[in-house]
Every structure is written in structure tokens, then in C-alpha cells.
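Rule-based calculations on the coordinates, nothing more; no lab input. Just so it is clear, the structure is predicted and the values come from calculations on it, not from any experiment. Reconstructed Cβ throughout: ideal geometry from the backbone, glycine too, with neighbour counts over all protein chains shown.
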Amino acid sequence: MSAITIDDVVKDYGSHRVLHGLQLDVREGEFVSLLGPSGCGKSTLLYCVAGLEPISGGRILFDDKDITELSSRDRNVALVFQDYALYPHMTVRENIAFPLRRLKVDRQTIKAQVAWASETLGLSELLDRMPADLSGGQRQRVAVGRAIVRNPAALLMDEPLSNLDAALRVHMRTEIKRLARDLGLTVLFVTHDQEEAMVMSDRIAVMSNGHLQQYGEPMEIYRNPANRFVAEFIGSPKMNLLPSDERAGILLGLRPHDLTPAGPHDGEDAFKLTGEVVLIETAGPQYFLDVQVKGKMIKATAGDITGLTNGSEVTLSAPAERVYRFDVETGAAL
Amino acid sequence: MSAVASEAQAPPVPKKRRRSGRLRPPLFAYLATMPTLLTVLLVVGLPLAYSVWLAAHKMNAITRKNTFVGFDNFRTVLSEQSFWNAFYRTAYFVGFTLVWTTILGIVIALLLNKAFRGRGFMRSIMLVPWAMAPVSIGVLWSFIYAGDVGTLNAILNDLGLGSWATAWLGNGTRALNLVALTHVWNQTPLTALLILAGLQSMPASLHKAAMLDGAGPATRFFKITLPWLKPTLLFVTILATINALMAFDIIWIMTRGGPGEATTVFAWLGYVYSFQFMRFGQGAAMLYMLTGLSFFLAIVYVLILGPRLRGAPKFKGPSAPDSEIAVRITRPYSIQARPLKKPIISLKLRRTLSSVGFLALVAVVFVWSALPVLLLLVMSITPASDLVRTPPSVIPSRITFENFRAILLPEGGTTSVQAKRVPLSLMNSFIVGAITVGIALAMAPFAGYVFARWPRARLFQAGLWSMLLTRMTPALTLVLPFFVIYRTIDLIDTRTGLIIAHLSILLPLIAWMMKSTFESVPRSLDSAAKVDGCSHFQMMVRVLLPVVRPGLMAAAIFGFLVSWNEFLFAVILTSSPEAQTIPVVLSGFLAQARFHEYGPMFAASVLSVLPPVIVAFVFQRYLVQGALSGAVKG
């Protein structure tokens, strides 16, 4: 395993710049997610690290060794693709053994190593099957098996869970996280699902339009978003934004989970809003309220909706320290 | 209410479902396929049956009486040395073209699968030799290889290598190889096209994964690309074999089986027996053996590729996790990675070198595909006298349009009989093509729809097979019974006769193309139309046909081209200028006056390849996407 340093990496497609001087370092054994909407350059960055895309400027280092000039086969990185990229004409066994064959590893080692990987991933029964005969989840395991069967300097994953159904996705993210921890893998994980990134990562790099927006631990990003983009992108339902009454040029940000019907326990300096209830949604342990405040829809949560009906007036409050302020012009957090 | 109640009591498996879950097709399906199936039966089945009768009879040349001889014709043919000589020559011809079309096709497809500026243009250029009529190709290449004033000799002369000049087609072995090479030139684009479609269906991630797994370019080609292309290659192989077996037009134009018997392949021998010796029985017997060979290959193809055509087995099962990742994880071995070392040549230099090499190869493909056609263009604007001057040269003394004037204007200053036939023949080609396509389009899309929706119903399965086999039937087998039948019912030398004959090619072709098109239309659209109150017929006309309009357009244009380029039926079934099409008139230039008419001949050739070349450029994207996946004959 290696630490990865992405040093001022620039990537151009013709005259179109897709990565604008990214600076990112990943510690050895760390699980880092690249999070952003589609088209933000996160997959491109991953491919640059893998050596599948040449970079237009900057350097990439593994453990302080500059690997920018190396072709992908010499970088010793493993990549799990979104569509798994299993070789369709090879059995599971041949798929997993393929990278070892290329390294000219001896037969005995290959056998032991494949046995280990398949046992680790619960694939022992499936070794002689073809990829077409596997379920989505099984294919995903094979792809992971092929990636960990050698000692990769880094494990890169390009939205590996997006082709699985919801229940399996939640299950697999736990398993991958544990596998990464137990094997001490350095993982770079691309996703557009903020929840996935929050649950799995040691640190999250939020990207947009080829720029790094913020890089930090999940809760830090949730609680201290660097700008309006990060604040809106992280957290579900989305953060409410409304213009400030006190000062022009400032937007107030309120997470629905921080905004609840006002009660006796609110602090002195609590932020308050009054509006009309338009819709009440049931979401299991809590309720979501759509409240119209000065012609704007605001989403809030409530643990208890006694006394609230459509059309009734409600006063919402949020703790003062949970009110975010952004510059309207730059979007930067204030 | 009672209806609802009785339905509720019905057994869980409705009675309409047969075993293996086939749905019985509605009456509409039978009605929709009838016109196509009946017409095919008439224009293909009947002639084929008649040629069986011919093969089993012997005609007395004087009394014109037929006597039944059973398998005698087959026995006679099989006992003749010339048959076996032709057989071995055919095997050589097929082997030669197969090897080279496959190798060149793979190389071209790999090149044109890479992204580079001008790729679309190069793909169009690549397709031109395939889009051209074999007759135009024959005319072009026979002049290139001609002795004395041939283009190849002229080029050698211009390069100062005049001593190498020779009559290229004069030597038997060389002639066979050069004719085969010309066939390769004509057929390689088809192979490349199909392989390109195969390459495009390959997920990009496969190669990336292999790269990361440490596989170099050669390993990736042999371990990833070739296995992926296996079904395509098999299909291409069989297709190329059948096309090589049926190669006839270019032999007619270039060598007519000669010199001596050096290029007398199976198809040519069958023609000679039938139409030069007028031994219809033996000719039919021989052509039947050719057909048998084609059918055999076609069946092999369907049987081997059948499972794939029916759709790959898809996993259906629980997607829930069925096993857990082990709790304790320790690696048995630590795999040593390649040491991280700097490459000898820098990455940048390597990229530059490989892109230079790549562009050089693309340039070679350009020269291979376009140079002969450009030569044709140059020759058409060269004064006719330049083409026969000695010493020969490819550089025209001046540029002129008198060749075009000669063939297009009624008083173009020419006394040539053949040149005067060009305008009418262009018109005939257009009329025959347009009407044939019109008739085929009125029937075949309905059949294509039914074949796509009820592929398992027995009648339609049989219909589909008959379409496929029809497309594998050499036209040469059909032309003999057509000729004999037309002579008796006076359809010889009419455009109507030609249209009927061309239907035997176009109807199965378009039905097959439309089947592929409809397969990509979701069935839910049918249901939506029916729920919204359409009858079956309205559903077709109001909803489905408009949806597949691009496919209809493609089928129409492609079918028109096939008719436009068609030579064999046209040359055998017409004899006077009234019904002759452009390929026939082109071939007439060679047959009638062997000298001084090269100018008008090349001008006519240019006009004849114009529509195909335009189509290659406009529809290149379509072709590569495999939208014309059914359009693979010829």
C-alpha cells in the first residue's frame, strides 16, 4: 500500500479544461471518496491516477515516487469499474488469476492467492462459473477479488455500487469498508452518492466543475461546509437557502434536520421562522414538513405533528450555531 | 361480471399459452406475413423448384424435348475433370480471399475504432470499394491490370520502371491471384464494418481493466479483443466464404474464366454450362451443388450462432447477498509488484511515436481504398486518346469533360453506339430500383415486424429460415430458371421481368433488416398503442412504422443500391437497350469495341459509382452502428 499525492494536476481535453490544478493527498491505508455530481471530473481524476488518462500538468506521486511518466501497467494500481469489466470469456478463476499471470507469478502462488481471494470474498463455490452466470452482487465480488489478489499500491473504485439494487448497495458498502480496513488498503472511491461517501470514507474530497471544493472528514464537511455548493450537495433533504433579512448579499442556510417546530427548549438566540404548512410527509421515525415562508418553500423536520395540519401556521426554530451564512456572490461560507 | 368471474377461476397458466410458454400469434400476424411469404415462394421457391426439375432432365437440342434422367446430370458433372479443376480453383479463391479479408478487415477495424480527427471521413472512404458495383470494380481493375496501356503499367512507366510493365492478367496463376485480390479489395470493407461493429459493442472498461492488470497491447489483443470478436469472426468467415463462392461479376468483367481456364471457378463454370453450352440440366446440377454448399454453410452459421442470436443467457435469481466477506483476513503471499522504474523512452516520445505510426497506417488504408477510385475519376476526365497512348502515362495531357458529354448528350459528338445507351440505362436502373424498393417496402416491414415479435411460432420460424436461406442462395442458381421461365412467358428483356427478379433479392433482404429494426423497438409500444385503442393494422401504420422510419429509410436506400449494382439478372434477362441497366451497358463497353472507348466507359463508371459513394458518405455512421445489421449480403 502506498500514500498517494496528487500535486497540482491539470487535465485538458483539447481546449476544454476538466481538472483545474487539483491538490490532494491520501495517506497510506486511508479510504478517500471523490464526491461530486456527474461531469465534475471525479472519474477523470481516478483515471489519471490509474494512468489510463495522461495528465496535462502537475504530478502524481505514490509514496513520494513520481509515477506521472509510468504507464498504467507499471503503476500497480487496481481499479474496480462501474460495470465491473469482468472478462466475459474467462471463468471467475481465470478472471481473478489474470493480473497474477501478467506478473509471471508461479503457478503455486497463483493458486494459493486465488484461493485466498475467493475465500475472502465468498466466491469459492463460483470459481468455475462464467461472468454471465453470476448475479450483479457476485460479479461485483469477482471484480473486487481481481483487484485485491495482488498487492496493489492503491485500490481505485469507480462508482462500483451504482449498478446494484438498493438493499445490496447498503450491504456491500459495509463489506467493502471492512475489507479495506482489514487489508489496510489505500482506497480512492468515486461516487455521486453523498450518503455512500459519508458512511464509507475516512475523508471526502468534494468536487465540482473540475475544482476541489472541500477536503475533510465526513462530519467536518457536513457541519462546516466550505461553500454553498458543498452545503447543498451534502445532506438529505437538501439544505434550505433563503436571503437574510439583516444584511443584503448574504444567504442563510438551514439544514431540514436542524429546523424543527419551535418549543420551550429553544435557546435564547434561536433562529425563528414562521410560515404555513403545505405538506406533511411521513418518513418513519420523523416527519418532513413543507412550509411556505414568504412565498418560499422551506423543508423542516418534526418528531411529533400533533396540532399540525395542512394550512396551519407553524413557527420553526434552529439553534443559532446551526445557521450557515454564505456570500451570495462567491458562495463562500462566512 | 360473469366474464370477470370466469376469468378469475381460470387456471394460473392461461390456455392460450402453449408448452414452453409460446404465445399463439394473432390472425393479424399471419395476414401481415402472407404477402411477403407468398411472393418469396413465387419468385424464389418456384424458380428453385423448376431448376430441380431442370437438373433432373436432359433436353435434346434438336427436338427440344426433355427426358427424365434422374441424377444423371449430377453424375456427368461430377465425373468431368473440368468440374474438379474448377472446384480446387474455387477452394483456392475462397481460401485466399478469406485469409486476406479477415486480416485486412481486422487491421482496418482496429485502426478506425480509435478516436482521431477525420475518423468518420476515413470510415466512409473505407466503405467505398464495398459500395461500388462489382461491375464498376471489374471495369476499373481490369484496366489497371491491362497490358500495354493499363494503369499499373502507366504508373510504372511514369516512375521510370517501364521495364517491369507486363500484361498482368496474361499469366494464369497471376490472373487468379489478381482476381482474388480484386475480390478482397471489394469485400474487405464488409469484414471491417462487421468487426468494427463488434469492437464498438465491447465495453471500453475491458481494455482498461486489462491494462491495469498488466497486459500489454499484444496480450490485450489476443486475450481480450479476439475472444470478444469470436462470434463476429465466425459470422464474417461464413459470410465471406459464401460471397467468395458466389463471386461472378468481377470474373465476367476481368477474365471471363481465362486465360485458358485459369480463373474458371465453380460459379463461372456453372454459367458457362448453362448459358454458353446451353446444357441447362448440367448447369442446374452444378449450380445446385453450389447452392448446397452455401446452404450448408448457412446452416452451420445459424446452428453455431443460434444460441447467441436468441440472446445470451441472463442471470435470473436473487440479488441479495448470498455470502459474506470472511471475518479474518490474512494474505498467504505478498505479491511482488513490478519495480517502479522509469521507462527508457519518455512517455511523451512514446505517445508521439505511436501516433505517427498510427497516422502512417491510416494513410495506407486511405491509399488502398481511395487511390483506385481516384484513378477512375482522373481517367474519366482524361482525353480518350490519352488512355491508349504509348508509352502509357497516368498524367492526363489536359483535363476534359468530353467523355461525360459523349455519354450524356444525345449529340455528344460521338458515333459510339454503346455511349448512346448510357442515359437510358441510367434511367432503367433508377426505375427498376425505385419500383422494386417500393414493392418490397409495401410488404416486407410487416413481415419483419411479425418475425421480430413471434420468432418462436412455427410458421414464422420456417419463414425466417426460408428468408435466410434465400439470402444464401447464389443468384446464379435462380437466374437459370428465371431465364427459361421468362423465355416461355415473354418477360425477357422487360423492366417488369427485372423488377420481379430483383424482388427475389430485395424482399428477403428488407424483411431481414426490418426484423432487426423492430427487435430494437420495445414491445411496450405495441401494448400502449393497443391500450390506446388501435387495431393491429392501425398500430403498425400509426405508431410503429413512424417509429422505425430511419430504419425504413435505410432499408430503402440500401435495397436501391443492391438493385442499382445488380449485374447477373440484368445481363442474362435483358438483351436490348430498352431494358438494360447501367452495369450491363458498362460491361457492354468491354465486350463491343475493345478500343478507343475507354474515355466514355470511365465516365459512365463514374456515374454508376456516384450513388453508392454518396450513400457510403451519408450513411457511414448508420452502417457502423450496426443499424443495418441485416444488410450483409454482397
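Listing for the model above:
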{"read-out": "For peptides B:467-478, B:208-219, sequence by mean Cβ density within 10 Å, most packed first", "value": "B:467-478, B:208-219"}
{"read-out": "More than 23 Å apart - percent of Cα-Cα pairs taken over the range B:156-293", "value": "57 percent"}
{"read-out": "For the range A:240-327, size of Cβ-based charge dipole, Lys and Arg +1, Asp and Glu -1, in debye", "value": "240 debye"}
{"read-out": "Computed Kirkwood radius, in angstrom, where 1/r is averaged over Cα pairs of the protein assembly as shown", "value": "33.6 Å"}
{"read-out": "Average Cα contact separation per residue, the range A:4-232, under 8 Å, 6 or more apart, as relative contact order %", "value": "29 percent"}
{"read-out": "For chain A, the Rg and Dmax computed from alpha carbons only, in angstrom", "value": "23.7, 75"}
{"read-out": "Whole-Å distance, taken between Cα centres, linking the range B:213-280 and the range A:313-334", "value": "75 Å"}
{"read-out": "Cα gyration tensor, the range B:95-138 - rounded (a/c under 1.5), prolate or oblate", "value": "oblate"}
{"read-out": "FRET efficiency for B:Ser535 and B:Phe430, using Cβ-Cβ distance with R0 set to 60 Å, rounded to 0.05", "value": "0.95"}
{"read-out": "Relative contact order %, the range A:240-327, counting alpha carbon pairs below 8 Å whose residues are six or more apart", "value": "38 percent"}
{"read-out": "Cβ-based charge dipole, the range A:4-232, positive-most Cα from A:Thr191, A:Leu100, A:Val170", "value": "A:Leu100"}
{"read-out": "Among A:Thr260, A:Leu242, A:Gly303 the positive-end extreme of the charge dipole of the range A:240-327 (Cβ point charges)", "value": "A:Leu242"}
{"read-out": "Selected from A:Pro285, A:Pro237, A:Pro160 as most flexible by GNM, with chain A as the system and alpha-carbon contacts under 10 Å", "value": "A:Pro285"}
{"read-out": "Computed label-point distance, nm, for sites A:Ala283 and B:Asp493 using a 7 Å Cα→Cβ extension", "value": "8.7 nm"}
{"read-out": "Restraint check, A:Lys42/B:Lys223; A:Lys104/B:Lys114; B:Lys114/B:Lys230; A:Lys111/B:Lys114, Cα-Cα greater than 26 Å", "value": "A:Lys42/B:Lys223; A:Lys104/B:Lys114; A:Lys111/B:Lys114"}
{"read-out": "Highest-fluctuation residue, A:Leu179, A:Leu46, A:Leu34 considered, GNM on chain A with Cα pairs under 10 Å", "value": "A:Leu179"}
{"read-out": "Most mobile listed residue (A:Gly210, A:Gly295, A:Gly41) in chain A, GNM with C-alpha springs under 10 Å", "value": "A:Gly295"}
{"read-out": "Gain upon complete extension [B:Phe28, B:Lys348; 0.36 nm per residue less C-alpha separation]", "value": "108.8 nm"}
{"read-out": "Distance histogram for the range A:56-207 (every C-alpha pair counted, 5 angstrom bins, percent rounded to whole numbers)", "value": "2, 9, 18, 21, 21, 15, 9, 5, 1, 0"}
{"read-out": "In nm, spacing of pseudo-spin labels at B:Leu525 and A:Gln23 (7 Å Cα→C-beta vector)", "value": "5.4 nm"}
{"read-out": "Positive dipole terminus of the protein assembly as shown, leading residue within A:Ser2, A:Gly29, B:Ala146 (C-beta point charges)", "value": "B:Ala146"}
{"read-out": "Footprinting exposure proxy for B:Val99, A:Val142 (fewest neighbouring C-beta atoms within 10 Å first)", "value": "B:Val99, A:Val142"}
{"read-out": "Per-residue [θ]222 nm for the protein assembly as shown (sum of -39500 (n - 2.57) over DSSP H runs n ≥ 4, rounded to 500)", "value": "-16500 deg cm²/dmol"}
{"read-out": "Anisotropy class of the range A:17-62 from Cα gyration tensor, a/c 1.5 cut", "value": "oblate"}
